[in-house]
Amino acid sequence: MSDDKLSVISKALEWGYEKAVSGGGVLRTAQSLGNEYLDANNGDREKAVNSLIRWQNTKAATGGFVTNLGGVMTLPVAIPANMASTLYIQLRMIAGIAYIGGHDVLDDRTKTLCFVCLTGNGAAEVVKSAGVQFGSKLTASAIQKYITGEMIKTINKAVGFRLVTKAGSTGLINLTKVVPVVGGIVGGAFDGVSTNIIGNTARRTFIYE
C-alpha cells in the first residue's frame, strides 16, 4: 500500500475530527451534540448514548455539511466530498459519545481512540498492533494512561491502513463504504448495521468502562 494513500486518509481523519470538535465556525460540535442528548435523557449517559447511536436520519446534518464545504470547511486533501461528509459525521458521533462519557475530546489520546472506533470490530486488534497492552476489554480508562506520543502515531497509522484496506482495490473513492451512507449525500441516512457496530464500539470504549 502506498504511503500517499495513508497520508491522504491520515489528513482526512485529522481534518474531520477537528471539524467535529470545533464545528468549523458553522456547524454544531460533538460537545453540543453530547449535551443535547444528555439533556434529553436527564443526564443518563447510557440512555443518551443509546439514543445517539439510534440516530439514523442524518439528512439535515449531511446537507448542511455539504452546503458549507466552501471557505473554512474546504478539505485540504484530494478526497471526494461524500467521503469527507461521511468521516465528519461519523467522527462527530464518536466524539459525542466520548464527550458524554466524560472524556476530553481535545486530548490527542481521546482523538486517537475515536479514530480507532471507526474500525469497528477491529478496534482491539488495531490498538494491540501498536504495542498497547490491556485486559479483556478495550476501554479508554484502561489504556489512555499507557498511550505515549509515539504510540499515538503508530495507532493512527494502523487505523489508516485498516480503513484504506477496507476501501478495496478501487482506492480511496470507495472509502465511504467503510461507513455506508444510504442513498449517498441526498439520502444522508447511516446504514444501520455499520452505524451500530461503530457506535457500539465507541460505547464500549468510552461508556462501559
Filter segment 27-48 for residues that are assigned to a helix (DSSP H, G or I) and closer than 18 Å to Lys111 by Cα and give the result.
Ala30, Gln31, Ser32, Leu33, Gly34
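Might you check whether a residue that is β-branched (Val, Ile, Thr), modelled with pLDDT of 70 or more, buried (at least 16 other Cβ atoms within 10 Å of the Cβ) and in a helix (DSSP H, G or I) occurs anywhere in segment 50-62?
From segment 50-62, those β-branched (Val, Ile, Thr) are 53, 58, 62; that's our starting set.
Then keep just the ones that are modelled with pLDDT of 70 or more; that gives 53.
Add one more test, that the residue is buried (at least 16 other Cβ atoms within 10 Å of the Cβ), and what stays is 53.
Add one more test, that the residue is in a helix (DSSP H, G or I), and what stays is 53.
For segment 50-62, residues β-branched (Val, Ile, Thr), modelled with pLDDT of 70 or more, buried (at least 16 other Cβ atoms within 10 Å of the Cβ) and in a helix (DSSP H, G or I): present.
For Gly183, state whether it is modelled with pLDDT under 55, surrounded by fewer than 18 Cβ atoms within 10 Å (Cβ to Cβ), farther than 20 Å from Leu13 by Cα and not hydrophobic (A, V, I, L, M, F, W, C). Give the derivation first.
Details: modelled with pLDDT under 55: yes; surrounded by fewer than 18 Cβ atoms within 10 Å (Cβ to Cβ): yes; farther than 20 Å from Leu13 by Cα: yes; not hydrophobic (A, V, I, L, M, F, W, C): yes.
Yes: the conditions hold for Gly183.
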Residues that are charged (D, E, K, R) and either under 18 Å from Leu91 (Cα atoms) or loosely packed, with under 15 Cβ neighbours inside 10 Å (or both), drawn from segment 24-46:
Arg28, Glu36, Asp39, Asp44, Glu46
Please list, ordered by first then second residue, the pairs with beta carbon atoms under 8 Å, 6 or more apart or interchain, first in segment 147-169 and within 19 Å of Gly120 (Cα to Cα) and buried (at least 16 other Cβ atoms within 10 Å of the Cβ), second modelled with pLDDT of 90 or more and among the acidic types (Asp, Glu).
Ile152/Asp108
With a cut-off of at least 3 residues that are within 15 Å of the chain's Cα centre (by Cα) and modelled with pLDDT under 75, name the helices (runs of 4 or more DSSP H) lying wholly within segment 63-162.
81-100
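The values are calculated or read from the model by the stated rules, or taken from the named source; none is laboratory data. In this text, all values refer to a predicted model and were calculated from it rather than measured experimentally. As a convention, Cβ positions derive from the backbone with ideal geometry for all residues, glycine included, and neighbour counts pool all protein chains shown.
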